[in-house]
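Computed from the coordinates by the stated procedures, all read-outs in this text should not be read as laboratory data. Please read these numbers as outputs of a predicted model, since none were measured by experiment. Please note: Cβ atoms are built from the backbone with ideal geometry, for glycine as well, and neighbour counts cover all protein chains shown.
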Amino acid sequence: MKRTAFFVSDGTGITAETLGHSMISQFAGMEWAQVTLPYVQTNEQTHEAVAQINRIVDAGHDKPIVFSTLVDEEHRTILNGCKGLVLDLFAVFLAPLEAELGMRSSHTVGQSHAIKDHEAYRIRINAVHYALDNDDGARTRHYDQADIILTGVSRSGKTPTCLYLALQFGLNAANYPLTEDDFDDLRLPKSLQPYKDKIFGLTINADRLSAIRSERKAGSKYASARQCDLEVRGLEAIYNKHNIPYLDATELSVEEIATRIMASTGLQRKLQG
């Protein structure tokens, strides 16, 4: 069974996508065609969005589900006239908030993703630069500035997790790959030893690791089930020997990995919004 989900926004569409994805993910077995319509900021653009939604129904398909974060009341009225099921996410929450606070919201377009705190923006950008500069063990001389150092085997999710920690929380996150050479005597690399308290490990199911590596180097020793099993066993042995906290990331999204790391380590976000 397949339905179409539209995410309509007067900004980037990130809020509509995030909330919408959370809702449709609750319906297992349903297949979704997803369409994001960002920066819908004029009556003409709103009418165009309505026409695109209506074409789905006119073609004989089921009614689309429309997740909207439009702020302008006129645009919302236009969108509500479409042939889809419109879920007005702002209306659901803004009206009760206005009633409780005794004041109307500003109804300003783009507020949720505007740069309101330039210091927070600076922290975010610097953290992203740090993650990129200290990716995959390429540089280790700035580990004294790290809030956390992720370790794991190649393709276990270290880089995307570091970038997410930088973007969402403003943390200086470095990552260092552990290799077969490290597993021989279960030692921590010298560059990591002074920063043991900052290390957090990621592990992954060997079969899953083999599948991920095969997407890049099919048929190689690097992607073989035997090699992946060897590396994962050695990795977890190092974690256990040195009392390094670690997380099995096999079935987790980057967002879940980052959130669990924050909860486990007690790290605090540097960004307040």
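Kirkwood radius, region 118-265, all distinct C-alpha pairs, inverse of mean reciprocal distance: 15.5 Å.
Shown here for region 183-272: GluC sites (Glu not before Pro) in loop regions (DSSP other than H, G, I, E, B) with at most 10 other Cβ atoms within 10 Å, namely 251.
Here is the list for region 173-254: trypsin sites (Lys or Arg not before Pro) lying in DSSP coil, each with at most 12 other C-beta atoms within 10 angstrom of its C-beta, are 190, 221.
For region 1-78 and region 229-273, compute the distance between their C-alpha centroids and round to whole Å. The two parts, judged by their Cα centres, are 35 Å apart.
Could you work out the helix-only [θ] at 222 nm for the chain, with each DSSP H run of four or more residues adding -39,500 (n - 2.57) and the total divided by the number of residues, to the nearest 500 deg cm²/dmol? Computed mean residue ellipticity for the chain: -13500 deg cm²/dmol.
Pairs exceeding 26 Å between alpha-carbon atoms, taken from 217/241; 190/270; 158/221; 198/270: 217/241; 190/270.
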